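This report concerns only the one structure given below.
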Amino acid sequence: MNDNLGVVVFYLLFLFAGVVLVIGSIIFDMTLLCIGLGLITCAFLIKYEFKLTVMFWHKIE
């Protein structure tokens, strides 16, 4: 997998998982909460499998 594509897939999957978690929390649906946690787990597995350099923030010097 191309590094740029992998990073985009990671961020999109992580963003989608966050949306699912928020919706699951608002309507308190355990199925959506489990799916959201599973998607976050999948995103991090993709990150570690393809050794992607993903930064959530950068240092300001």
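Structural remarks
- Qualifying chymotrypsin sites (Phe, Trp or Tyr not before Pro) in the range 1-57, DSSP loop, other Cβ atoms within 10 Å at most 14: Phe28, Phe56, Trp57
- Helix 30-49 and the longest principal axis of the C-alpha atoms of the chain enclose an angle of approximately 10°.
- Pair-distance distribution of the chain: all C-alpha pairs, bin width 5 Å, starting at 0; shares per bin in whole percent are 4, 19, 24, 19, 14, 11, 7, 2, 0.
- Modelled spin labels at Val54 and Leu37, positioned 7 Å past Cα toward Cβ, are 1.8 nm from each other.
- 0 to 90° range, to nearest 10: angle between helix 3-26 axis and the chain longest Cα axis: 20 degrees
Quick note: the coordinates plus some simple rules give every number you see, no bench work behind them. Bear in mind the structure is a predicted one, so any value in this text is a computation, not a measurement. All Cβ positions, even for glycine, are placed from backbone atoms using ideal geometry, and neighbour counts span all protein chains on display.
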